[in-house]
Amino acid sequence: MGILKKPGVYIEEKNAFPSSVVQVPSAVPAFIGYTAKRPTNQARRISSFLEFEQFFGGPGPRLFRLHAKGDRDNQRDQAPVAMESTIETEANDPIGEINGYGLSRVGPSYRLYAAIKLFYQNGGGTCYIVSVGGFDEGEPIQAASLRTGLQALEQEPEPTLVLVPDAVSLDTAEAFYSLCRKVIAHCGQMRNRMAILDVYQGYKALQKSVVDRFRQEIGSESLSYAAAYYPWLETTIVAESDLSFQNLTDDSLERLVEMISGELSLTDHPENESKSEALRKERVLSLVKQLPDYTSVAVKSWDDHRNTSGKLSPADLHRTLLTVSQAYKAFMGFLQKYLNRLPPAAAMAGLYSLVDSTSGVWKAPANLSLNSVIAPSVPISTEEQEYLNTPLDGKAVNAIRTFIGEGVLVWGARTLDGNSNDWRYIPVRRTVMVIEQSMMSAVKAYTFEPNQAATWITVKSMLENYLTQQWKMGALAGASPAEAFSIRVGVGETMTAEDVLNGTMRVRALVAVSRPAEFIEITFEQAMQKA
């Protein structure tokens with residue numbers, strides 16, 4: 001209280017409770033990629049998928065080209081794939097062969113929109129979006145632009161996860177892995193975030209050329225700040241209603257007419273056809289032959305009403321073709337399957353957010369099912385997971401597997417630093433990051449306070465209260481707080497007299513973080529029969 005200068009009653013308020021540590025957010029991902037609306041290279045905070053569409057727009061162009069039978073000039077050499085087979089190619093590559101017609105994608109494969117949708121389908125919450133380019137200009141996906149998004153994140157302290165969904169659409173594996181190393185280095189430098197990585201071409205069957213190259217090219221620095229998942233996922237993000245013949249280039253409509261007409265003309269004994277069947281085919285063919293009139297220039301609105309010439313609107317024609325033509329329906333299903341094959345990092349970011357909000361950051365984001373996922377692109381056996389989980393170099397890749405009666409489960413929780421006893425597990429790395437950042441933010445309030453015993457006792461008491469709360473919630477292991485953590489501060493313990501003179505206060509925290517039970521061993525023995 002100040003100097004009393006006049007008679008009267010004076011009131012002095014004192015803090016009844018000690019200073020406390022406020023825990024920082026633990027699962028706030030930052031997504032870097034291309035969007036429909038192109039803002040500047042700045043991180044924007046959003047909290048819902050509706051908000052993402054409001055600020056960044058809808059999905060990127062999904063345009064495909066059909067090639068005439070035998071026309072392989074615009075396609076790379078590859079074995080043809082049947083309609084029902086899996087797609088073994090990436091964007092800008094030939095997708096496959098359908099009834100003798102080649103199919104390829106036109107333009108870049110922008111994945112950020114689908115990734116955000118998958119993130120929110122799996123429990124996502126608050127996140128940051130860094131848009132580095134737009135669709136209107138037809139920009140190719142460039143590693144340099146994505147690296148610019150990383151620089152924008154350096155000014156944002158809140159994100160704790162970093163994802164680059166568009167990275168897997170880069171033209172070369174070298175560009176992808178170079179970007180991955182930059183992302184990991186960024187996380188190691190910031191020390192408050194982790195990278196969730198995909199495996200390049202992770203839709204392919206488990207081969208040493210796929211996973212081994214990932215391990216060789218990912219580098220060896222700051223690996224505890226990154227985790228990777230394999231394989232890609234067969235999802236339901238793109239609905240059947242999102243696709244139509246308008247996803248084909250104008251020059252492909254003639255090819256589509258040929259494909260459907262060929263289906264209708266396949267009859268071994270046309271003379272045995274009934275009059276009604278022949279009439280039905282004639283009507284369908286008359287509809288199909290109208291397709292070339294529905295070019296992108298001619299069509300002004302998807303839901304245009306029937307015009308004076310009697311032609312159907314694009315929407316009505318599409319629905320009619322789905323009903324009368326199996327070839328058209330199968331073709332739309334093939335496109336849908338191709339677009340729904342997505343890398344798993346965004347789904348994992350959603351699970352991280354879900355686990356942190358329901359259990360805590362110390363809970364392993366594993367043994368959990370994925371929403372909007374039908375199956376992994378590649379089935380993983382127990383023997384194959386051994387190869388993924390415990391490599392000699394320690395760069396573990398977490399598997400996503402299907403179990404009978406349980407569905408699609410995340411079956412791994414390791415960082416890329418698998419040989420480290422300290423940072424082998426994702427929840428350990430993330431729990432320590434949260435504790436570090438929370439304690440650092442709280443102790444900042446004591447900058448320039450007197451470096452003496454009274455301050456040391458206050459700081460120690462504050463940190464001990466915080467860690468006791470963490471121990472009670474299950475973040476720290478031990479039968480008592482004394483076994484779970486210890487805080488040391490003071491001359492003779494963490495500082496010397498010279499440190500005090502130099503204005504340095506050193507605080508040492510030792511914590512025993514809970515670790516996941518990754519291997520559970522049950523021993524059976526036969527007991528002696530008793531009389």
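Helix 426-443 axis versus longest C-alpha principal axis of the chain: approximately 50°, rounded to the nearest ten.
Antiparallel as a % of all DSSP beta bridges within the chain, to the nearest 5? Antiparallel: roughly 60 percent of the beta bridges in the chain. The mean of 1/r over all pairs of different alpha-carbon atoms in segment 392-531, once inverted, gives a Kirkwood hydrodynamic radius of 18.7 Å. Computed from label points 7 Å out along Cα-Cβ, the spacing between ILE457 and GLU282 is 10.3 nm.
Full extension of the chain between SER48 and ASP242 gives 67.7 nm of extra length, using 0.36 nm per residue less the Cα-Cα distance. The gain in end-to-end length when the ASN192 to GLU158 segment is fully stretched comes to 11.4 nm, 0.36 nm per residue minus the alpha carbon separation.
Rounded to the nearest 5, what % of the DSSP beta bridges within segment 410-531 are antiparallel ones? If we restrict to bridges inside segment 410-531, about 90 percent are antiparallel.
Summarised in one figure, the compactness ratio Rg/Rh of the chain, Cα atoms and Kirkwood Rh, is 1.11. Remark: the chain carries 50 Å² of accessible area per residue (probe radius 1.4 Å; ligands, DNA and RNA excluded).
Straightening the chain between ASP293 and LYS37 buys 89.1 nm, computed as 0.36 nm per residue apart minus the Cα-Cα spacing. A helix-only calculation puts the chain at -10500 deg cm²/dmol for mean residue ellipticity at 222 nm, using -39500 (n - 2.57) for each DSSP H run of at least four residues, averaged over all residues. Projecting each Cα onto the charge dipole of the chain (Lys/Arg +1, Asp/Glu -1 at the beta carbon, about the Cα centre), which of MET190, ALA36, TYR120 comes out farthest on the positive side? So the residue we want is MET190.
Counting only heavy atoms of the protein chains and using a 1.4 Å probe, HIS186 has close to 10 Å² of accessible surface. When the Cα positions of PHE448, VAL428, ALA475 are compared along the charge dipole of the chain, PHE448 comes out farthest toward the positive end, with charges on each C-beta of Lys, Arg, Asp and Glu. Per-residue Karplus couplings for segment 250-264, computed as 6.51 cos²θ - 1.76 cosθ + 1.60 with θ equal to phi - 60°, are listed in order as 4, 6, 8, 5, 5, 5, 5, 4, 4, 4, 6, 5, x, 5, 6 Hz, Gly and Pro entered as x. To the nearest 10, the accessible area of LEU248 is 10 Å² with a 1.4 Å probe. Within the same chain, lysines fewer than 8 places from LYS472 are excluded, and of the rest, those with a Cα less than 20 Å from its Cα are LYS363, LYS460. Roughly speaking, to the nearest percent, how much of segment 378-531's 1.4 Å accessible area is carbon and sulfur? The nonpolar share, carbon plus sulfur, comes to 54 percent. Within the assembled protein chains, the solvent-accessible surface assigned to VAL324 is about 40 Å², based on a 1.4 Å probe. Legend: residue pairs LYS204/LYS395; LYS14/LYS444; LYS117/LYS444; LYS182/LYS204; LYS204/LYS289; LYS117/LYS337, Cα-Cα distance threshold 28 Å; pairs beyond threshold, LYS117/LYS444; LYS204/LYS289.
The values are calculated or read from the model by the stated rules, or taken from the named source; none is laboratory data. Quantities reported herein were computed from a predicted structural model and do not represent experimental measurements. Every residue, glycine as well, gets a Cβ built from its backbone with ideal geometry; the counts of neighbours run over all protein chains shown. The area values use the complete protein model at the heavy-atom level, side chains included, leaving out ligands, DNA and RNA. Shrake-Rupley method; radii C 1.70, N 1.55, O 1.52, S 1.80 Å.
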